[in-house]
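Here's the structure, in structure tokens; my notes come after.
The values are calculated or read from the model by the stated rules, or taken from the named source; none is laboratory data. All values derive from a computational prediction rather than experimental measurement. Please note: Cβ atoms are built from the backbone with ideal geometry, for glycine as well, and neighbour counts cover all protein chains shown. The area values use the complete protein model at the heavy-atom level, side chains included, leaving out ligands, DNA and RNA. Shrake-Rupley method; radii C 1.70, N 1.55, O 1.52, S 1.80 Å.
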Amino acid sequence: MTSTKRIIIIGATSGIGNEVARLYIKQGWRIGVAGRRLERLEELRAETPGQIEAIQLDVTCPDAPERLAELIRKVGGMDVFLLSSGVGSQNRALDPEIELATVQTNTVGFTRMVTAAYGYFKEHGGGQLAVISSIAGTKGLGAAPSYSATKRYQNTYIEALDQLAQMEKLPIVFTDIRPGFVKTDLLKNDKYPMLMSPEYVARKIVKAIGRKKRRAVIDWKYAILVFFWKLIPGFIWRRLPIHN
Ligand SMILES: NC(=O)c1ccc[n+]([C@@H]2O[C@H](COP(=O)([O-])OP(=O)(O)OC[C@H]3O[C@@H](n4cnc5c(N)ncnc54)[C@H](OP(=O)(O)O)[C@@H]3O)[C@@H](O)[C@H]2O)c1
């Protein structure tokens, strides 16, 4: 038995996942990081040898659960699983390639990884399963249909798994993290209001995971925004120009 806590982060090559990994490194956790760009993961590993294990993993590939299992073995177990992998684009032209690639990563890949993590915790006496979804799942966004719909799927899926774990009396804690706009590669330099830095958001995420929050909208300004968004009736929402 080890007292050092262990976290696996999928999607740690850049952006939010990368910043969260850095915070857990500072806190002395054992970390397993994954993503497609192995060189980025190796860079992270070189900074703190012995504390991090890395593996190349593509959530859209069927072998991803096996690779996750290998990463968990290398780390020596998993207390917290964090899924930060995701893609998103504005797509007003409805390019089907963009829409479908988003579905592949954010729903098919998401389901593949989350079910694998759930299975691990079921077998190993529980744990914490955290995902980074988005406030974009709150409403259908005309500028990014696939992105907003896949984020709603993630919210609902975690809600369902939480109930399933209760039904099966499994000690799994679920944390659905919903950031507003964050200045990362995902936004592709498009202009967005109320942009937050990935460092700031990562600190809030580590806090939410530590407090075992079921749901965390980041940050408070977005929590207020979402509260009011939800109250807007459909006939008004469809006329609102929500775009950059
Ligand atoms: N930026 C925002 O405004 C914002 C707001 C709310 C929620 N989010 C969510 O936060 C999460 C992280 O995004 P980010 O903003 O940090 O953007 P990012 O810098 O583009 O990070 C995305 C991460 O996902 C990984 N990824 C993408 N496709 C993958 C695949 N097929 N297999 C494995 N890993 C994959 C990327 O790694 P590789 O490319 O190396 O595979 C990268 O590490 C996403 O789920 C996103 O939807 C972002």
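Of the helices (runs of 4 or more DSSP H) contained entirely in region 1-106, not one carries at least 2 residues that are β-branched (V, I, T) and loosely packed, with under 15 Cβ neighbours inside 10 Å.
Take R22 and decide whether it is touching a Ser or Thr at 6+ places or on another chain (Cβ under 6 Å), at pLDDT 95 or above and of a type outside the set (D, E). No. Give the residues of region 19-49 that are within 18 Å of the chain's Cα centre (by Cα), of a type outside the set (V, I, T) and farther than 23 Å from D63 by Cα, sorted by residue number. Of everything in region 19-49, those that are within 18 Å of the chain's Cα centre (by Cα), of a type outside the set (V, I, T) and farther than 23 Å from D63 by Cα turn out to be E19, A21, R22, L23, Y24.
Checking each residue in region 130-146 for being away from the ligand (no atom under 15 Å from the Cβ) and either at positive phi or open to solvent by less than 10 Å² (accessible area, probe 1.4 Å) (or both) picks out no residue at all. Of the residues making up region 148-198, those that are outside any loop (DSSP other than H, G, I, E, B), open to solvent by 50 Å² or more (accessible area, probe 1.4 Å) and either closer than 17 Å to F121 by Cα or more than 11 Å from the ligand (Cβ to nearest atom) (or both) are A149, R152, Y153, T156, Y157, E159, A160, Q163, L164, Q166, M167. All conditions but one from (1) modelled with pLDDT under 95; (2) charged (D, E, K, R); (3) closer than 17 Å to G88 by Cβ apply to R239; the one that does not is (3). Within region 104-129, the residues that satisfy the criterion of being within 12 Å of the ligand (Cβ to nearest atom) and out of contact with any strand residue (DSSP E or B) (no Cβ under 7 Å at 6 or more places or on another chain) are Q104, T105, N106, T107, V108, G109, R112. Restricting attention to region 63-89, the residues that are in contact with a helix residue (DSSP H, G or I) (Cβ under 8 Å, 6 or more places away or on another chain) and within 12 Å of the ligand (Cβ to nearest atom) add up to 10.
This table checks each residue for (1) of a type in the set (D, E, K, R); (2) under 19 Å from the mean Cα position of the chain (by Cα).
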position: Q56; (1), (2): no, yes
position: E70; (1), (2): yes, no
position: K74; (1), (2): yes, no
position: V80; (1), (2): no, yes
position: N91; (1), (2): no, no
position: P96; (1), (2): no, no
position: F110; (1), (2): no, yes
position: Y120; (1), (2): no, yes
position: E123; (1), (2): yes, no
